[in-house]
Amino acid sequence: MEKLAKNDFVEIEYTGKIKENNSIFDTNIPEEAKKLELDIKTRPYTICVGQNMILKAIDEFLLGKETSKQYTLNLPPEKAFGLRDRKLIKIMPISVFAKQNINPHQGMVFSFDNLLGKISSVSGGRVIVDFNNPIAGKDVVYEIRIKRKVIDEKEKVKSLLSAFLGRELEFDIENQKLKIKAEKGSTKFLNLFKEKFKEILNLELFVEEIEEKKRRA
């Protein structure tokens with residue numbers, strides 16, 4: 001059976017668990033998410049192997065593996081979400097929250113300077129906030145099923161656009177040229193990925209800027 005190599009595209013199913021209590025913290029399997037009432041958007045997940053579209057340790061693990069098989073990957077904190085860092089535990093004045101009309105309490109999760117923090121305690125005028133990843137310092141286990149190898153070129157492009165841009169765009173492929181339709185002013189940004197499309201898919205990227213459609217009132 002063919003083994004996966006760098007720049008192969010595969011659709012995978014995965015479930016991530018904290019090893020010490022076997023609790024699921026991430027999955028793209030609808031049945032698992034629904035069963036555990038997890039607030040996770042589940043979807044088929046297509047990645048390009050070796051292009052860091054998933055946790056690095058998983059990306060490296062997939063090299064040389066076979067499709068239509070299920071694997072178990074045990075990861076220590078250093079290979080998963082890192083060790084806990086005491087420097088990421090901050091003491092903040094309660095006035096910071098008051099200015100935002102937030103009443104802080106233990107267990108609350110909020111965003112501050114694009115970082116997610118969890119309030120550990122509130123005492124007097126001080127709030128202790130932990131900005132470590134919630135899974136930091138924990139051994140984790142991933143159950144990964146490689147469903148299939150993706151061959152269709154358009155499906156490959158869609159997965160890269162989702163990874164690079166986080167959204168879908170109209171495109172056509174013809175004579176090794178990838179023509180993307182995007183809103184005005186986006187050419188410079190999209191051209192940042194020109195070399196990646198060339199390296200991974202051997203496609204020359206071109207951008208056609210179009211007028212945004214006006215929304216109906």
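The values are calculated or read from the model by the stated rules, or taken from the named source; none is laboratory data. All values reported here derive from a predicted model rather than from experimental measurement. Note that each Cβ is placed from the backbone with ideal geometry, even for glycine, and that neighbours are counted across all protein chains shown. Areas reflect the complete protein model, heavy atoms only, side chains present, ligands, DNA and RNA absent. Shrake-Rupley method; radii C 1.70, N 1.55, O 1.52, S 1.80 Å.
Listed here are the pairs Lys79/Lys138; Lys6/Lys149; Lys69/Lys138; Lys56/Lys177; Lys19/Lys147; which of them are more than 18 Å apart at the Cα?
Numbers: Lys79/Lys138 10 Å; Lys6/Lys149 12 Å; Lys69/Lys138 26 Å; Lys56/Lys177 30 Å; Lys19/Lys147 24 Å.
Pairs exceeding 18 Å: Lys69/Lys138; Lys56/Lys177; Lys19/Lys147.
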Which trypsin sites (Lys or Arg not before Pro) in the stretch 10-41 sit in a loop by DSSP (not H, G, I, E or B) and have at most 10 other Cβ atoms within 10 Å of their own Cβ?
Lys41
Can you list which of the trypsin sites (Lys or Arg not before Pro) found in the stretch 72-140 are DSSP loop residues with at most 12 other C-beta atoms within 10 Å?
Lys99
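Percent of alpha carbon pairs in the stretch 83-193 separated by more than 22 Å? Walk me through the numbers on the way to the answer.
Numbers: 3651 of 6105 pairs.
It works out to 60 percent of all Cα pairs.
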Straight-line reach check, Lys35, cutoff 15 Å on alpha carbons, 8 or more apart in-chain or any other chain, hits among aspartates and glutamates -> Asp26
Report, to the nearest 10°, how far helix 153-165 tilts away from the longest principal axis of the Cα atoms in the chain, using its own Cα long axis and a range of 0 to 90°.
30 degrees
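For the chain, report the accessible area per residue in Å² (1.4 Å probe, heavy atoms, rounded to an integer).
For the chain, the solvent-accessible area averages 66 Å² per residue.
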Plugging the Kirkwood radius over Cα pairs into Stokes-Einstein for the chain, at a temperature of 25 °C and a viscosity of 0.890 mPa s, what D comes out in µm²/s?
119 µm²/s
Over the alpha-carbon set of the stretch 142-217, work out the extent along each principal axis and list the three values in angstrom, largest first.
45, 34, 20
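Return the percentage of antiparallel bridges among DSSP beta bridges fully within the chain, rounded to the nearest 5 %. Don't skip to the end; give the middle numbers.
Details: 45 of 52 bridges.
Approximately 85 percent, going by the DSSP bridge assignments.
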Given R₀ = 22 Å, what would the calculated FRET efficiency be for Arg145 paired with Leu83, taking r from the Cβ atoms and rounding to 0.05?
0.15
Ignoring GluC sites (Glu not before Pro) buried by more than 10 other Cβ within 10 Å or outside DSSP loops, the longest site-free run in the chain is 38-167
